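The values are calculated or read from the model by the stated rules, or taken from the named source; none is laboratory data. All of these numbers come straight from a predicted model, not from anything done at the bench. Reconstructed Cβ throughout: ideal geometry from the backbone, glycine too, with neighbour counts over all protein chains shown. Ligands, DNA and RNA are stripped out before the accessible areas are found, and what is left, the full protein with its side chains, is counted by its heavy atoms. Shrake-Rupley method; radii C 1.70, N 1.55, O 1.52, S 1.80 Å.
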Amino acid sequence: MSWPEALDPKGPEADAVAGLIWSFTGLCAFIWVLVMVALAVALIRRHRQSEDPLAVTIGEERRVEWIVGGLAVLTGLIVIGLTFISYGAQARIFGLGGGDVAIDVIGHQWWWEVRYPSDTASATVVTANELHVPVGKLVRLRLTSTDVIHSFWVPSLIGKADLIPGRTNTLAFTADRPGVYAGQCAEFCGLQHTHMGIRVIAEDDADFTAWKAGQVAAAHEPATPAQAAGKAAFLSNPCVSCHAIRGTTAGGTLGPDLTHLASRTTIAAGTAELTRGTLAAWIADPQGMKPGTNMPTMKLSAADLNTLVDYLMGLK
Amino acid sequence: MTLQGFTSAQANTDRGPRDIGQPIEEVRARLSQTWASQGGLWGWLTTVDHKIIGRRYIITAFVFLLLGGVLAAVMRAQLARPESGLISPDLYNQLFTMHGTTMMFLFAVPVMEAFAVYLVPLMVGTRNIAFPRLNAFSFYVYLFGGLMIWIAFALNIGPDIGWFAYVPLAGPEFSPGKRADIWAQMITFTEVAALATSVEIVVTVFKQRAPGMTLDRIPLFVWTQVVTAFMVIFAMPAVMTSSTLLILDRLVGTHFYNPAEGGDALLWQHLFWFFGHPEVYIIFIPATGMVSEIITTFTRRPVFGYLFLVLALIAVGFLSFGLWVHHMFVTGIAELGASYFTASSMLIAVPNGIQIFCWIATLWGGRPKFKTPLLFVIGFLIIFVLGGLTGVMLASVPLDTQVHDSYFVVAHFHYVLIGGAVFPLLGGVYYWFPKLTGRMLSERLGQWNFALAFVGFNVAFFPMHILGLAGMPRRIYTYPEASGWGTLNMIASIGAVVFALSFVLFLWNVMASLKRGAVAGDNPWDAPTLEWATTSPPPPQNFDRVPIVTSRYPLWRHPDTLPVGTGLALDTREIVLTTVVEGRADVRVTSPNPDIWPFITAVVVGVTFIGSIFNGWVALVGLVPIGIGLIGWGWPSGSVEDES
C-alpha cells in the first residue's frame, strides 16, 4: 500500500501541510505515550493505603498539586507552541499573493465546471472535471457554486476549500512534477456526492500550452459519415438543452461543455474512465451508472447511440 | 447529631402530621404511600417520580443507541468492500443522517440527562426533582420526537441531509418533500425536552440539596450536570433559531439562507456550530462526572484536586462556546478570525488536560480495584486522550484543510464521543445498575464486554485516521477499487463487528442480571455519595429522613449512621429547600402529586409540531389546545402557602 496522499505531497503547499501533520502527530504521539506510562504506573503500583478512605496526607496532596499544576502549565506552553507552528504554516500557505494561472471552478450537483478566463471570449477555456496546470507555476483557483455547497480537495496538492453559492473562495497551489492527481468533493452535496471526482493533470509548460490551444479551438467537424449522423442525432435530441458544443446550435449550460469531451480522461465526474464503451453505457443508461444524476435517460435507437458515440469520441 | 428538626411549634399543620421521631418503620410506610405513583396505565401516564421517568429516559435512550448502532453496522457492511452494491445511495444518505441524528440528539444528550434525572435528586439527598411534572412532560416530548423521525425513516421519508443539515442542500430548492422538515422538527422536540430537563437540574441542585451540602460538598457528577445544564440553556437557543429559520425558509417561503435573495448559506453553519460545539461538551462533561465518581469509589480515596476539577469543568463550559468556527475552517473565513479560533481550540486542551492529570493522580494515590466500571474508565482514558490529541491537530487551520470532512475527522469524533462518553457511560451503567435495579451485573460478562468493546472500537476506528489522510471523504456510499482504501475499510468493518458483539454481550448481561443477578444491598461498592445511603432500588420517597451532610463523602465520613433530619410532613409530599451557597435549610415546600396534564400537554404539543410540517396554520391553531393543557396543568390544587 502506498503512503497516504496527504503525507506524500506533490507540491510545496501540500508539503508544508504534510510537515505540519508530521510534527503534530509526532508530538501528540509522544504526549500520549507519556500519559499512558503515567497511567500504567498509577494502576500497577502497589502501596499501603489506610483503612479510612478519608485519611489522606495533606503534605503529599500538596506535592501532587504542584506536579499537576506544573503539568497544566506545560500543557499550556505546548499548545501555545503548536499554535505558533500552525500560524507559520498558515502564513506560508494562505499568504501567497497573485498566481500565474487563474482558474474558475464552479460546483454543480454533481460535477465541476472549469473555466480558464481570458479577456477575449474566444480564448476562454471551458471544460469539466479536470484541471490542467503547468508544473512549477502558482495556480490560483476561484471557487464558487451554482447550487449547494461543495468542497475542492486534491490531497496530493492542497487541502480543501469550500465552493459556496453567493461567495467566492480562493485556493492557491503549485504542482512540483508532472502527474495526474485525484481528488473528490469533500462536502456532502446530495445524492451523488460520492461520484464527484476531480483530476488535476500537471504537465510541463509546452504540453500545457498545447492543451490550452486545443481547448480554445473550435469543435472538430465530423470526419466520417457516421460522425456526421451522430452530430445530427445530438442536435435533434434533448442533449442540446443541457450541453454546449461550440460552433453548433447546442448551447445548453446545465451540463458540462462537450466541445472537447474526448480530450478528457473520465466521464460523469470520475464515475468511469472515458472509453468508447463507458461513454456508450453512460448515454444509454446514466441512472444505472450514477443513480440520481441529473442526466436523463435518452430513448435513443441503437444506431443513433452508435453514431452519437462516434461523434463525441471525435471531439478531441 | 443524628436528629435535627425541620419544624417548629408554630408549623402550619394543614399538611397533616409530621415526622417528629416516630419509629422509622412507621415513617417509611407512610411516606412510601404518600410518594407512591398510582398503578396501572393511568399510573404509568401520571407518574411524576424522577426515578420512574429517569429509568424510562435511560431505557429509551439505549433503545435509540441500539437503533443507531444497527445503522452504523449496515454502513460498515456497505463500505467493507469497494464498489459494493449492497444498498442504494439514497438509503445510504438516510442511514448516515439517521445515525448521526439518532446518536447526537436521541441518544447521547438524552442519556446523560436521563442519568441526571435519575441520580441528581438522590445524590443531593432530596425526594424528587424540581418541577417533576415538567420532567414528565420533557420525557414524552423527547419520546414523540424520536418516534416521529424513526417512523418517518421506516416509511422511507427519513432525512437525507446529514446530521448538521447544511443549507442550501437542506433548503426548499434542493430538498423538496418532507424529509428535511421532519429532521428540523425533530430538533424542536428534543430541544424543548433538553431545555426543560436543564432547568429542573439547575433548580434541583441550587435549591434542593440536603442541608449541609455546601457548594464544595457537591458530588462531582452533580457539578458536571449543573455545568451541562447551563450549557444547554445557552447553546440550545442557537440551534432552535437555526432550525426555526430553516423551517420558515421551507414552509413559509422566507429567504434567510438563500443567497440569491440576499440570505446567507454560512449563517446556518455559524448558528448550528455555535450550538454544535458546546453540544459535544454537553455530552462529554456529564461523562467526566461519571469518571470522577467511579475513580473515587474504586480507588477508595477522595478524588484528587476536587477544586481543580470543578474549575476545569466550568472553564471547559465557557471555552466551548468560543470554538465553533473550527468546524468552518475551509469555508473561506477571514484569516485573522480563523487564527483566533485556532488559539481558542488549542486552549481547551488545558482544562481537559488538568482533568486527566487529576484522575491519574487519584489512581496513583489510591489502590485501584479493577471492577468493570473502572475498566471502562481506564478504556476511556486511553481512547479519549488519543481523541483529544487529534482534536488539537484539527485546531490548526492548515492541518484541518487536509483532514476536514475526511475519515480522519470521523475517527477523531468517534474517539472523543465513544471514548469520551460511551465508555464512561457503560462504566456508569455497571456502577449504578445495582442502585437502579437492586441487582449486580455479572462481573465476568462485564470484563468480556469491556475487552470486546475496547478491541473492537480501536480496530474499527483507528484505521479511519489513515483513510482520511489517504483522501477518503466522509459520507460517500462507495469508493473505487483503484483508491486503495479497500483493506483499511475491511479492517474497520471487522472491528465494527467485534464492537457490535460487545453490545450484544452488554444487553445479555443486563437481561440476565435483572433476573438472576446477585442482590446488591444498599451500597455494594462502599461508595461515598448519598445515592448509596438508601435502598436499592430506592423507595418512592428516596430517603425516609433527609440526610444532613457534613462532608463531601458522607458515607465514608459516617460509615455507621448517617445524620438525618426530621420534621417533614408524612401524608403530604413535602421537601426541604436550602440556600444556594451554604445549603442551610430554608423553606419546606410541597412537591406535586401525580398528574395527567403533562402527558396531555405533551400530546397536543407533539401533534402541533408534527401537524405544522404539513400545514403552517397548525402552529397557530395548536396554540389553543396547548393553552388548555397549560391551564389544566397550572390549575390551583389548593395547597397551602410555603412556610419558612
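In region A:78-102, how many residues are among the charged types (D, E, K, R) and assigned to a helix (DSSP H, G or I)?
1
Identify, please: which residue in region A:271-294 is within 26 Å of the chain's Cα centre (by Cα), open to solvent by less than 40 Å² (accessible area, probe 1.4 Å) and not hydroxyl-bearing (Ser, Thr, Tyr) and is, among those, farthest from the other protein chains (Cβ to nearest Cβ)?
A:Ile283
Being of a type in the set (Lys, Arg), open to solvent by 10 Å² or more (accessible area, probe 1.4 Å) and free of Cβ contacts under 8 Å to residues at least 60 places away in the same chain is true for just one of B:Arg545, B:Arg557, B:Arg584, B:Arg552. Which residue is that?
None of the other options fit; the residue is B:Arg557.
All but one of (1) in a helix (DSSP H, G or I); (2) open to solvent by 30 Å² or more (accessible area, probe 1.4 Å) hold for A:Thr75; which doesn't?
The single condition A:Thr75 does not satisfy is (2).
Yes/no matrix, rows are residues, columns are (1) farther than 20 Å from A:Ile267 by Cβ; (2) in contact with a Cys (Cβ under 7 Å, 6 or more places away or on another chain); (3) free of Cβ contacts under 8 Å to residues at least 40 places away in the same chain; (4) of a type in the set (A, V, I, L, M, F, W, C):
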{"position": "A:Gln90", "(1), (2), (3), (4)": "yes, no, yes, no"}
{"position": "A:Ile106", "(1), (2), (3), (4)": "no, no, no, yes"}
{"position": "A:Arg115", "(1), (2), (3), (4)": "no, no, yes, no"}
{"position": "A:Ala121", "(1), (2), (3), (4)": "yes, no, yes, yes"}
{"position": "A:Val126", "(1), (2), (3), (4)": "no, no, no, yes"}
{"position": "A:Gly159", "(1), (2), (3), (4)": "yes, no, no, no"}
{"position": "A:Val180", "(1), (2), (3), (4)": "no, no, no, yes"}
{"position": "A:Phe188", "(1), (2), (3), (4)": "yes, no, yes, yes"}
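I need a count of the residues in region B:159-195 that are outside any helix (DSSP H, G or I) and more than 14 Å from every other protein chain (Cβ to nearest Cβ).
Selection size over region B:159-195: 1.
Residues to consider are B:Ala569, B:Ala527, B:Ala512; find the one that is more than 25 Å from the chain's Cα centre (by Cα) and modelled with pLDDT of 95 or more.
After ruling out the rest, the residue left standing is B:Ala512.
If you scan region B:14-72, which residues turn out to be open to solvent by 70 Å² or more (accessible area, probe 1.4 Å) and under 23 Å from B:Val124 (Cβ atoms)?
Hits for region B:14-72 are B:Arg28, B:Arg55.
Determine whether A:Thr259 is in contact (Cβ under 8 Å) with a residue 12 or more places away in the chain and more than 27 Å from the chain's Cα centre (by Cα).
Judged against the criteria, A:Thr259 is not a match.
Filter region A:162-202 down to residues that are facing another protein chain (nearest Cβ under 7 Å), open to solvent by less than 10 Å² (accessible area, probe 1.4 Å) and among the aliphatic types (A, V, I, L, M), then give me how many there are.
Residues that pass the stated criteria total 2.
Of B:Val239, B:Val205, B:Val232, which residue is touching a Phe, Trp or Tyr at 6+ places or on another chain (Cβ under 7 Å) and open to solvent by less than 20 Å² (accessible area, probe 1.4 Å)?
The unique qualifying residue is B:Val239.
Would a scan of region A:279-295 turn up a residue that is of a type in the set (Ser, Thr, Tyr), in the same structural domain as A:Asp100 (by TED's automatic domain parsing) and on the phi < 0 side of the Ramachandran plot?
Taking every residue of region A:279-295 in turn, none turns out to be of a type in the set (Ser, Thr, Tyr), in the same structural domain as A:Asp100 (by TED's automatic domain parsing) and on the phi < 0 side of the Ramachandran plot.
B:Gly85 passes all but one of (1) closer than 28 Å to B:Ala496 by Cα; (2) at pLDDT 95 or above; (3) open to solvent by 10 Å² or more (accessible area, probe 1.4 Å); which number fails?
Condition (2) is where B:Gly85 drops out.
Report every pair of residues separated by at least 6 positions or lying on different chains whose Cβ atoms are under 7 Å apart, first residue within region A:24-44 and under 20 Å from A:Leu77 (Cβ atoms) and at the interface with chain B (Cβ under 7 Å from one of its Cβ atoms), second surrounded by 16 or more Cβ atoms within 10 Å (Cβ to Cβ) and among the small types (Gly, Ala, Ser).
As it stands, the answer is A:Phe24/B:Ser396, since those pairs meet every condition given.
Only one of these conditions is not met by B:Gly332: (1) open to solvent by 30 Å² or more (accessible area, probe 1.4 Å); (2) more than 10 Å from chain A (Cβ to nearest Cβ); (3) not in a helix (DSSP H, G or I). Which number is it?
Just one mismatch for B:Gly332, condition (2).
Pairs only if they're at least six apart or on different chains, beta carbon under 7 angstrom, first in region B:337-359 and facing chain A (nearest Cβ under 7 Å) and farther than 16 Å from B:Thr224 by Cβ, second open to solvent by 20 Å² or more (accessible area, probe 1.4 Å) and of a type in the set (S, T, N, Q); list them, first residue then second.
So the pair list comes out as B:Ala349/A:Thr75; B:Val350/A:Thr75; B:Gly353/A:Thr75.
Pairs please, first residue from region B:142-161 and among the small types (Gly, Ala, Ser), second anywhere and surrounded by fewer than 18 Cβ atoms within 10 Å (Cβ to Cβ), Cβ atoms under 8 Å, 6+ apart in sequence or on different chains.
So the pair list comes out as B:Ala152/B:Lys178.
Does B:Ser483 meet the test of being in contact with a Lys or Arg (Cβ under 6 Å, 6 or more places away or on another chain), within 14 Å of chain A (Cβ to nearest Cβ) and either open to solvent by less than 20 Å² (accessible area, probe 1.4 Å) or of a type in the set (Gly, Ala, Ser) (or both)?
no
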